[in-house]
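Please read the structure below before turning to the comments.
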Amino acid sequence: MDIQAQNQLPHQAWNLGRIIGPKPPLKPKHIWALRTRLQHEGRTRDLAMFNLAIDSKLRGCDLVRLRVGDVVLGGTVRLRTAIVQQKTGRPVPFELTDSAREALAAWLRKRGSREDDWLFPSRSRPGDHITTRQYGRLLDYWVALIGLNPALYGTHSLRRTKVALIYKRTGNLRACQLLLGHTKLESTVRYLGIEVDDALLLSEQTDL
């Protein structure tokens, strides 16, 4: 086929057959079901990564680049930490719950590490961390374990899971903004899918 004929062929859309738009957060029942399945299968690394993704609320590009020293201090998993985001260059704090700390401790005991090592090293590329694509494939596997459709969920589902619950319980947009590391409140509004009028009302009612 010559070049002219190729140029006349219709281009296939990149998202053909894909479900696009915001990916929904996981529900509490999904989180507990997933933890149980990962524990049952002995997937120590995956459990640590899943719990950390929920607690940290980090973008995939930041999660995969974490080093052991970001979550460990003096041989003990931290209660709280902060990292500088790649996208904004701003630090974002997060807490580590007991579930995440226990899973991380088990993972680090299994693999052994120094504090300057990657927290989740690549198994196929020695000296490097796992890629965001690998992280996405792991998520597909995780949600399929509990009968969810992987096409409906993405890595941002984990990022927004905890803040969506915080917003639902408290209506505190400013807290959600800080936890997500957004520079503008409007970004948090769009990210959580909140109606603007409702968002402004809640913001006015939130004392800082």
Query raised in the report: Where does each of 174, 123, 137 land when they are ordered by accessible area, with a 1.4 Å probe and the largest first?
Result: 123, 137, 174
Query raised in the report: With +1 on each Lys and Arg Cβ and -1 on each Asp and Glu Cβ, how big is the dipole of segment 75-178 about its Cα centre, in debye rounded to the nearest 20?
Result: 240
Query - Cα shape, segment 81-162, gyration tensor, a/c 1.5 rule - result: rounded
**Report entry** By accessible area with a 1.4 Å probe, ligands and nucleic acids excluded, highest first: order of 176, 61
**Finding:** 61, 176
Query - Length gained when the stretch residue 183-residue 141 is fully extended (0.36 nm per residue, less Cα-Cα span) - result: 11.9 nm
**Report entry** C-alpha center-to-center spacing [segment 48-106, segment 138-168] in angstrom
**Finding:** 18
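For an R0 of 35 angstrom, estimate the FRET efficiency from the Cβ-Cβ distance between residue 35 and residue 117 and round to the nearest 0.05.
Working: r = 25 Å, r/R0 = 0.71.
Taking R0 as 35 Å, the efficiency between residue 35 and residue 117 is 0.90.
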Report task. Report the one residue of 126, 73, 93 whose Cα lies farthest in the direction of the positive end of the charge dipole of segment 59-150 (charges on C-beta: Lys and Arg +1, Asp and Glu -1; origin at the Cα centre). Result -> 126
Query raised in the report: List the lysines whose alpha-carbon lies under 27 Å from that of residue 168, not counting same-chain residues fewer than 8 positions away?
Result: 23, 27, 29, 57, 87, 184
**Report entry** Simple label model, 7 Å out from Cα along Cβ direction - residue 86 to residue 102, nm
**Finding:** 3.2
Report summary line: Simple spin-label estimate for residue 131/residue 110, 7 Å along Cα→Cβ, in nm, reads 2.3
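The values are calculated or read from the model by the stated rules, or taken from the named source; none is laboratory data. Computed from a predicted structure; not experimentally measured. Virtual Cβ from ideal backbone geometry, glycine too; neighbours counted across all protein chains shown. For the accessible areas, the whole protein counts, side chains as well, though only heavy atoms, and no ligand, DNA or RNA atoms are used. Shrake-Rupley method; radii C 1.70, N 1.55, O 1.52, S 1.80 Å.
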